[in-house]
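The values are calculated or read from the model by the stated rules, or taken from the named source; none is laboratory data. Predicted model, so just to flag it, every value in this text is computed and none were measured. Every residue, glycine among them, receives a Cβ derived from its backbone with ideal geometry; neighbour counts consider all protein chains shown.
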Amino acid sequence: MNVGDAWAFALSLPQATEEPHFEARSFRVQGKIFATLPPDHRFLHVFLDLDRIPAVVASHPEALHELHWGAKLCGVRIDLAAARSEDVEALLTEAWRRKAPKRLASPGAS
């Protein structure tokens, strides 16, 4: 998947916005970060429930890697050049749903 497609998909999620976050770009829903794009645009960082991360990484280890903040596991680092579009979209949706208010993330809400 290319960075432009990942960027466009992240912003297509309901009420998603883009804002600077240190040297990266962040994707947020109601001010809460669900993904970041480092300046090299090679990787996308998505923030998932900690118990989901090992299974997600194991599903496509060529493209998906554990993301750490210091020693703390915090999400998945996606190598965009190696990732499948459907995986990137599913992970962005999952990360967005985790941060979105329940009324917005409920099926049928928009």
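Taking the stated definitions as given, is residue 59 touching an Asp or Glu at 6+ places or on another chain (Cβ under 9 Å), under 20 Å from residue 18 (Cβ atoms) and touching a residue at least 24 places away in the same chain (Cβ under 8 Å)? So that I can check it myself, show each step before the final result.
Working: touching an Asp or Glu at 6+ places or on another chain (Cβ under 9 Å): yes; under 20 Å from residue 18 (Cβ atoms): no; touching a residue at least 24 places away in the same chain (Cβ under 8 Å): yes.
In short, no.
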(message) Based on this model, can you work out whether residue 36 counts as in a strand (DSSP E or B), of a type in the set (Val, Ile, Thr) and under 11 Å from the mean Cα position of the chain (by Cα)?
(response) yes
(request) Looking for whichever is of a type outside the set (Val, Ile, Thr) and surrounded by fewer than 16 Cβ atoms within 10 Å (Cβ to Cβ) here; the options are 95, 82. Which one fits? (result) 82
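Kindly evaluate residue 34 against the criterion of being in contact (Cβ under 8 Å) with a residue 60 or more places away in the chain and either loosely packed, with under 13 Cβ neighbours inside 10 Å or closer than 23 Å to residue 101 by Cα (or both).
Numbers: in contact (Cβ under 8 Å) with a residue 60 or more places away in the chain: yes; either loosely packed, with under 13 Cβ neighbours inside 10 Å or closer than 23 Å to residue 101 by Cα (or both): yes.
So residue 34 fits the description; yes.
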(request) Take the residues in the stretch 90-110 that are in a loop (DSSP other than H, G, I, E, B) and either in contact with a helix residue (DSSP H, G or I) (Cβ under 7 Å, 6 or more places away or on another chain) or of a type outside the set (A, V, I, L, M, F, W, C) (or both), then tell me which one is modelled with the highest pLDDT. (result) 101
